[in-house]
Amino acid sequence: MTDLSQFPISRRWPANDPSVLQLYSFPTPNGVKASIMLEEVGLPYEAHKVTLSDVDVKSPEFLSLNPNNKIPAIIDPNGPDGAPIGIFESGAILLYLGEKSGQLIGTTAREKTEITQWLMFQMGGLGPMLGQLGFFYKFAGAEIEDPRPRDRYIGEAKRLLAVLEGQLADRDWIAGEYSIADIAIGPWLRGIDFYGAQDVLGWDNHPNVIAYLDRFLARPAVQRGLTIPARD
Ligand SMILES: N[C@@H](CCC(=O)N[C@@H](CS)C(=O)NCC(=O)O)C(=O)O
């Protein structure tokens, strides 16, 4: 019987079956990367709902797994050396699950490098820029009169969309075959609609990106992953 008692998070969100992967998440663009990946590769797992409220993400139990107080995070009871391991940061989780399952990370060193490159593009560029755009365009920052933060993130988001549009001109998926890079990028593109920012970004002028997002959202594992864990 696997023992997860060394992880304080398992006291607040107990495992029903401690022998399978434990996911602590909420269905946001970063959260669903982990659930979509788990659905795609078919590893058995349990999902625990950790909301973005301080009582959850800033609880001592959650901070014990991710001191950076952000979902998603996972515990693999069967880590690389056979011992349990906790992992946070969605990009690190995607790479880990890709290595563990041998799926969606490419086969050759060249493929792996290209996929990692586009994963990092999302982690360091698309995600943070669209996240800030959401804050300054839709959420609390929308009330700020100074136009510079809003203009800055609108400009960056437009620039990044143009990069994607160009890369997708001659391929279905961002790094060739469907991969963890697409699982990182797709949920953030979907978020543009949620932010009400399609018009300001000229979304309709990006036919390759639009078709790419449609392809991504048509995947059954993506559709399942987008709803895990359930919001209520
Ligand atoms: N770089 C992190 C970002 C994760 C992140 O921003 N998570 C948000 C939800 S999408 C969160 O947990 N926010 C709660 C908070 O900041 O208190 C990752 O990719 O895992």
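Just so you know, all these numbers are worked out from the coordinates, no wet-lab data involved. Predicted, not measured: the structure shown is a model, and the values here were computed from it. FYI the Cβ positions are ideal-geometry reconstructions off the backbone, even for glycines, and counts take in every protein chain you see.
Any idea which of Pro14, Thr116, Gln223 is furthest toward the positive side of the dipole for the chain, if Lys and Arg beta-carbons carry +1 and Asp and Glu beta-carbons -1?
Going by the Cα projections, it comes out as Pro14.
Report, in degrees rounded to the nearest 10, the 0 to 90 angle that the Cα long axis of helix 207-217 makes with the longest principal axis of the chain.
Helix 207-217 and the main axis of the chain meet at about 20 degrees.
Rounded if a/c is under 1.5, else prolate if a/b is larger than b/c, else oblate: which is the chain, with a ≥ b ≥ c the root eigenvalues of its Cα gyration tensor?
Cα axes put the chain in the oblate bin.
Taking Cα pairs under 8 Å and at least six residues apart, what relative contact order does the stretch 156-232 come out at, in percent?
35
Short version: ³J(HN,Hα) in whole Hz for each residue of the stretch 86-94, in order, from phi by Karplus 6.51 cos²θ - 1.76 cosθ + 1.60 (θ = phi - 60°), x for Gly and Pro, what are they?
x, 9, 10, 6, 4, x, 5, 5, 4
Collect residues whose amide H, placed 1.01 Å from N in the peptide plane, falls under 5 Å from the amide H of His48; neighbours closer than 5 in sequence don't count.
Residues meeting the criterion, in which the H sits 1.01 Å from N, are Leu23, Tyr24, Ser25.
Looking at the square roots a ≥ b ≥ c of the eigenvalues of the Cα gyration tensor of the stretch 61-140, which shape do they give, rounded for a/c under 1.5, prolate if a/b is larger than b/c, or oblate?
Cα axes put the stretch 61-140 in the oblate bin.
Rounded to the nearest 0.05, what FRET efficiency is calculated for Asp17 and Ser64 with R0 set to 25 Å and r the Cβ-Cβ distance?
0.75
How would the stretch 129-232 be classified by its alpha-carbon gyration tensor: rounded, prolate or oblate, with rounded meaning a/c under 1.5 and the a/b versus b/c comparison settling the rest?
oblate
Could you tell me how many degrees, from 0 to 90 and to the nearest 10, lie between the Cα long axis of helix 127-137 and the main elongation axis, the longest principal axis, of the Cα atoms of the chain?
60
Compute the relative contact order of the chain as a whole-number percentage, counting only Cα pairs closer than 8 Å that sit 6 or more residues apart in sequence.
25
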